[in-house]
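A.B. asks: Below is one structure. I have some questions about it.
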Amino acid sequence: GAGVSQSPSNKVTEKGKDVELRCDPISGHTALYWYRQSLGQGLEFLIYFQGNSAPDKSGLPSDRFSAERTGGSVSTLTIQRTQQEDSAVYLCASSFLRPLDTRSYEQYFGPGTRLTVT
Amino acid sequence: AQSVTQLGSHVSVSEGALVLLRCNYSSSVPPYLFWYVQYPNQGLQLLLKYTTGATLVKGINGFEAEFKKSETSFHLTKPSAHMSDAAEYFCAVTFSGNTPLVFGKGTRLSVIA
């Protein structure tokens, strides 16, 4: 079946501009995660959605970052007033939750969006 | 709080040699442990995981890992390296289903012909 997809694959933007990154999770997956991968910081958790619960935003680095998930499926990560330190690869992952199913722990990753802020 | 330490940011092995990538974790509760592989310009692919039960877990591409609670380790091994194994490998931990993963810094594996 189709995996996690992300768009765009590459984004170059000028400092101060807003950007939107999109994630399409695997159909039926109730949990969706955003991570950021950068040379200096490695892989960092940003935000996590589980079903209809309030998202866990504890990993967002500043209030310039926000995300939403519409209809329990597609998610958009928005970065306002981009800064050069926002340059990174943004990875999205999804997983499902079924009691007693150990595959519930498996997160499936998309190919990422490479963001470059000039 | 949980954390993961991967010893060695870069490991180089000869083709056909043993691959050993080290991972130690810190967790106040029973952990769930994962190894992911990342090829250039691609996302992360799950190699194997430990949740409960058997401590020696086998994954894809001939890799396996052993959960050793006493050593808080989850080292990744493969008996014979192949050129196609060259990639970045990440160890990760979480403490329950569907919660964010905490990743190690990664180990880049090079395979020499």
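The values are calculated or read from the model by the stated rules, or taken from the named source; none is laboratory data. Computed from a predicted model, the values in this text were never measured in an experiment. Quick reminder, even Gly has a Cβ in these numbers, built from the backbone with ideal geometry, and neighbours come from all protein chains shown. The accessibility values were calculated without ligands, DNA or RNA, using every heavy atom of the protein model including side chains. Shrake-Rupley method; radii C 1.70, N 1.55, O 1.52, S 1.80 Å.
A.B. asks: Can you tell me, using C-alpha contacts under 8 Å and at least 6 residues apart, the relative contact order of the stretch B:1-78 as a whole percent?
C.D. replies: 29 percent
A.B. asks: Can I ask one more? On a straight-distance basis, which lysines could pair with residue A:17 in a cross-link, Cα separation under 29 angstrom, same-chain partners fewer than 8 positions away excluded?
C.D. replies: A:57
A.B. asks: Right, something else. Can you give the relative contact order of the stretch B:1-46 as a percent, counting alpha carbon pairs under 8 Å and 6+ residues apart?
C.D. replies: Here the relative contact order equals 36 percent.
A.B. asks: List the equivalent ellipsoid semi-axes of chain A in whole Å, largest first, each obtained as the square root of 5λ for an eigenvalue λ of the Cα gyration tensor.
C.D. replies: Working through the eigenvalues yields semi-axes of 25, 14, 13 Å.
A.B. asks: Which of the chymotrypsin sites (Phe, Trp or Tyr not before Pro) found in the stretch B:43-108 are loop residues per DSSP with 13 or fewer other Cβ atoms within 10 Å of their Cβ?
C.D. replies: Hits after loop and neighbour filter: B:95.
A.B. asks: What does the convex hull of the Cα atoms of the stretch B:33-89 come to per residue, in Å³, rounded to a whole number?
C.D. replies: In the stretch B:33-89, the Cα convex hull volume per residue is 82 Å³.
A.B. asks: Here is a follow-up. With all pairs of different alpha carbon atoms counted, what Kirkwood hydrodynamic radius in Å does chain B show?
C.D. replies: 14.0 Å
A.B. asks: I've got another one for you. Check chain B and count each lysine pair with an alpha-carbon distance under 16 angstrom, considering only pairs eight or more places apart or from different chains.
C.D. replies: Step by step, the pairs that qualify in chain B add up to 6.
A.B. asks: Express as a percent, rounded to the nearest 5, the fraction of DSSP beta bridges in chain B (both residues included) that run antiparallel.
C.D. replies: Of those bridges, close to 90 percent are antiparallel.
A.B. asks: Given q = 0.07, 0.08 Å⁻¹, what are the Debye log10 I(q)/I(0) values for the protein assembly as shown, with equal point scatterers placed on the Cα positions and solvent ignored?
C.D. replies: -0.22, -0.29
A.B. asks: Another question about this same structure. Counting only protein heavy atoms and using a 1.4 Å probe, what share of the accessible area of chain B belongs to carbon plus sulfur, as a whole percent?
C.D. replies: After summing per-atom areas, the C and S share lands at 54 percent.
A.B. asks: Probe radius 1.4 Å, ligands and nucleic acids ignored: give me the carbon and sulfur share of the accessible area of chain A as a rounded percent.
C.D. replies: The computed percentage sits at 46.
A.B. asks: Take every residue in peptide A:28-36, count the Cβ atoms of other chains within 10 Å of its Cβ, and give the average of those counts.
C.D. replies: 2
A.B. asks: Just the number, please: buried accessible area between A and B, total of both chains, 1.4 angstrom probe, nearest 100 square angstrom.
C.D. replies: 1800 Å²
A.B. asks: A follow-up question, please. Using alpha-carbon positions, what is the distance between the centroids of the stretch A:65-118 and the stretch B:70-91, in Å?
C.D. replies: After rounding, the separation between the Cα centres reads 26 Å.
A.B. asks: Taking 8 Å as the Cα distance limit and 6 or more residues as the minimum spacing, I'd like the relative contact order of chain A as a percentage.
C.D. replies: The normalised contact order for chain A reaches 37 percent.
A.B. asks: Quick one: which residues, 5+ away or cross-chain, put their amide H under 5 Å from the amide H of residue B:12? H built at 1.01 Å from N.
C.D. replies: Amide H neighbours of residue B:12: B:110.
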